[in-house]
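Peer 1: Supplied in structure tokens, the structure appears directly below.
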Amino acid sequence: METFQDHYASMRDSIAKHLPGADMQLIDRAVEYANVKHQFQKRKDGSPYIIHPLAVAEIVAEMGLDIDAILGALLHDCIEDTDASHEDIEKIFGVTVAELVEGVTKLTRANFSTSEQAQMENLRKMFMAMSKDIRVVLIKIADRLHNMRTMQYQTPEKQIKKCQETMDIYAPLAHRLGMQRIKWELEDLSLRYLAPTAYDEITSYLKAHEEQDEAFMRNIQEKITQRLTGMGIRNKTYGRIKHVYSIYRKMQAQGKTMDELYDIYAFRVIVDSIPDCYNVLGHVHDLFNLVPGRFKDYISTPKPNMYQSLHTTVIGTEGIPFEVQIRTWEMHETAEYGIAAHWKYKQGTGAGSEKDFEWVRRLLESQQDSDAEEFVQSLKIDMFDDEVFVYTPKGRIVSLPAGSTPIDFAYAIHSGVGNAMIGAKIDNRIANIDAKLKNGDIVEILTSKAAKGPSRDWLTICKSNQARTKIKQWFKKEKREENILHGRSSFESEMKREGLPLSALSDPELESHLLKKLSFDNWDDMYAAIGYGGLTATKAVGRIRDDINRALKAQAAERMPVSPLRVRPDSDAVLQNRHAVNGVIVEDIDSCMIKFAKCCTPVPGDAIVGFITKGYGVSIHRADCPNARNREDPRQAARWVRVRWAAEEEKPFETTLELDCITRDGLLLDVATVMTTARVRVKELVGKDLPGGRSTFTVRFEVKNVNELETIRQKLLNIRDVTGSRRGQN
């Protein structure tokens, strides 16, 4: 078991190495304070809780952060888990440390696995914390890294949840902050639990070929070092195997096994100056054969996360391709620790330069007019996706999300350019405004003073949230009357679709309450917001639907004080023993037509209710079906009837399962094999790839009851890379 003394000594060594001259008395005071506050707490492995803050502080010290950040790391769980308060910490350790601890506490309380609305609010908190003091998020990343290193002590359910959250939020965040070493470790640790079989296969293969790989890398390293040293270029050259998750993604993308995968070696050459970098590049291309199209210059065109390096892929005499990365020492620090590396070169607080955090400011600005789903989606595009670099006709470099169009480019230049755009040229040729831009394209925007402004279609064409926000702002400002008409039409259509009367909007007692719920002063403002895209009609109606239904129910009760029919779970005691049709008995109705609702596909064993349709008999729903939630609506209460399954029925019933999966070759065959082995009749099996290496499978099949369904569900969940399931729709 890990001991306090071991972690304390390791932390002190790290601080002495990365922050010489630090006030160790102050750090010891924080260690003692945290130890007292956490004295009755234990880690999952039974070790003292204080080991966790010590480990997080060591990671923060390795990042090269200052003493305030180290103190914040030592105390980061005190407000969350103990009786310590913000005021206590501020009094003893100062305002800055207290603010850091408070900021980390707020992020710890964020739950990224909930609804889109909650996810949006929690991500907003993270970016607000980032723009105020980036060290808050750096401490939180260190906290997550140590938790991932000790994930073996968690339950399987928590392992999956935390690892998926790490892959969705923290690894991309570390990438966006330029912290490649931490990003790689987070990805590898997550893969260990999300795809354990693949992880074990890759690590076993690497271990078995370790001696062979080291010999190859030693040979290449010696060739490069000898050439550069002979030319008088000071350098540090070393090779490495690409990390496990990177290999896993290559295998998935290329459909290859480890034996067939060659491009898994990478070499780094670190030199003293930028001219040396380009000089080394020439020598590498002289020593080895260049792979065409695999050279990237991130020195002249840095990534938005400040990453700089020359990348080239070459082939040696063994016929094995490998990547060579060439950079200066300062570039290397930035590549390893990203924004955190700036503490090694700058004195002062964690504010950083304005340029360093410009992307954070853009994200905060661009989400002001977004609803929850749109903000989370745009965040994944603007923050987590790869970038494409294009040029203006004058040679200015513009960075955009991959897949961007000339519309995105125009609004990245200036909102006035985008609003006046009538066309575009790519590499001096007329191009469509929805053309996908590629690295190195020279883009020219054609404008006209007579332009009528952006089209609403542009909102679906553009890729960046920055462009989408500016287009919405134009419609908001320039087309209010048109927006009101467009928004009113959409809203009223949605009201009718939901079966809600438009008269409810003019009810004087209800109107003010509904507007307050929607956060608007009047209906025209809301219609305008829907019209320019700041709010969807579906969202607006969804926010007030329950309030309108409650008001209608109250009004109906006043006119006719008779309690509506309440549908209870089916029971033999309350249902008459009628004739069964299709395996279902309906109370008070004998031999009626029965159909099973496609929205929830009930099977014997499910709690069910019935709805009398117009001309199609009784539709059978699961009791927990979303479409059965309105069965106490006074306008439809009489059409809901009590039903039950006929015990003697053994006929098959059709149902659907939807599976969440990690994409890999052969997964469809594995699912089909399980269904065949289970001896059920499969009506449909469809797979669909999603972004981020995810997939969904929809299986429509027949079962006799819910017990058989659950048995098959468990067998499907036991398939490698199947991560979840839910009842679906036919």
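The values are calculated or read from the model by the stated rules, or taken from the named source; none is laboratory data. Values in this document were obtained by computation on a predicted structure and should not be read as measured data. Cβ placement follows ideal geometry from the backbone for every residue including glycine, while neighbour counts extend to all protein chains displayed. In case anyone asks, the SASA skips ligands and DNA or RNA and just uses the protein heavy atoms, side chains included. Shrake-Rupley method; radii C 1.70, N 1.55, O 1.52, S 1.80 Å.
Peer 1: Restricting the calculation to Cα positions, tell me the Rg (one decimal) and the Dmax (whole number) of region 1-88 in Å.
Peer 2: Reported Rg and Dmax, both Å: 12.3, 35.
Peer 1: Hey, any idea what Rg/Rh is for region 147-219, computing Rh the Kirkwood way over Cα pairs? Mind dumping the intermediate values first?
Peer 2: Numbers: Rg = 14.5 Å, Rh = 13.6 Å.
The Rg/Rh ratio comes out at 1.07.
Peer 1: How large is ³J(HN,Hα) for each residue in region 533-538, as worked out from phi by the Karplus curve 6.51 cos²θ - 1.76 cosθ + 1.60 (θ = phi - 60°), to whole Hz, x for Gly and Pro?
Peer 2: Once θ is set to phi - 60°, the couplings for region 533-538 become x, x, 8, 9, 4, 4 Hz.
Peer 1: Starting from the residue with the highest accessible area, list 150, 105, 447 in decreasing order, probe 1.4 Å. Mind showing how you got there, number by number?
Peer 2: Numbers: 150 25, 105 0, 447 75 Å².
Largest to smallest exposure gives the sequence 447, 150, 105.
Peer 1: Right, something else. I need the per residue convex hull volume for region 132-288, using only the alpha carbons, in cubic angstrom as a whole number.
Peer 2: Working: hull volume 23.9 nm³, N = 157.
Hull volume over Cα atoms, normalised by residue count, gives 152 Å³.
Peer 1: What does the accessible area per residue of region 1-49 come to in Å², with a 1.4 Å probe and no ligands, DNA or RNA counted?
Peer 2: Details: 3150 Å² over 49 residues.
Per-residue accessible area for region 1-49 comes out at 64 Å².
Peer 1: Please report how far the C-alpha centroid of region 387-445 lies from that of region 290-335, rounded to the nearest whole angstrom.
Peer 2: Centre-to-centre distance over Cα atoms comes out at 26 Å.
Peer 1: Rounded to the nearest 0.05, what FRET efficiency is calculated for residue 215 and residue 682 with R0 set to 51 Å and r the Cβ-Cβ distance? Let's see the in-between values first.
Peer 2: Numbers: r = 50 Å, r/R0 = 0.99.
It comes to 0.50.
Peer 1: Could you run the Karplus curve 6.51 cos²θ - 1.76 cosθ + 1.60 with θ = phi - 60° over region 227-238 and give me ³J(HN,Hα) per residue in whole Hz, x for Gly and Pro?
Peer 2: With coefficients 6.51, -1.76 and 1.60, one gets 5, 5, 5, x, 8, x, 9, 5, 7, 10, 10, 8 Hz.
Peer 1: Within the accessible area of region 498-537, what % is carbon and sulfur when the probe is 1.4 Å and the other protein chains stay in place?
Peer 2: Result for region 498-537: 50 percent of the exposed heavy-atom area is carbon or sulfur.
Peer 1: I'd like the carbon and sulfur percentage of the solvent accessible area for region 616-685, probe radius 1.4 Å, heavy atoms only, ligands and nucleic acids excluded.
Peer 2: Its accessible area is 49 percent carbon and sulfur atoms.
Peer 1: Sticking with this one: With labels modelled as points extended 7 Å from the Cα through the Cβ direction, what inter-label distance (nm, one decimal) is found for residue 208 paired with residue 498?
Peer 2: 5.9
Peer 1: Give me the 1.4 Å probe accessible area per residue for region 428-546, excluding ligands and nucleic acids, in Å². All intermediate terms of the calculation are to be shown ahead of the outcome.
Peer 2: On the way: 6740 Å² over 119 residues.
For region 428-546, the per-residue accessible area is 57 Å².
Peer 1: Under a 5 Å amide H to amide H cut-off, with H placed in plane at 1.01 Å, what residues pair with residue 606 once short-range neighbours are removed?
Peer 2: Residues meeting the amide H criterion: 706.
Peer 1: Moving to a separate point now. At each listed q (0.23 Å⁻¹), what is the log10 of I(q)/I(0) that the Debye formula gives for region 648-697 modelled as equal alpha-carbon point scatterers?
Peer 2: For region 648-697 at q = 0.23 Å⁻¹, log10 I(q)/I(0) is -0.91.
Peer 1: Could you pull out the pairs from 17/140; 140/250; 140/516; 449/517 whose alpha carbons sit more than 32 Å apart here?
Peer 2: Values: 17/140 22 Å; 140/250 29 Å; 140/516 36 Å; 449/517 41 Å.
Too far apart for the 32 Å limit: 140/516; 449/517.
Peer 1: Could you please state how large a percent of the accessible area of region 151-299 is carbon and sulfur, counting protein chains only and using a 1.4 Å probe? Mind dumping the intermediate values first?
Peer 2: Numbers: 3630 of 7400 Å².
That share works out to 49 percent.
Peer 1: Under 19 Å between alpha carbons, and skipping anything fewer than 8 positions from residue 236 in its own chain: which lysines qualify?
Peer 2: 223
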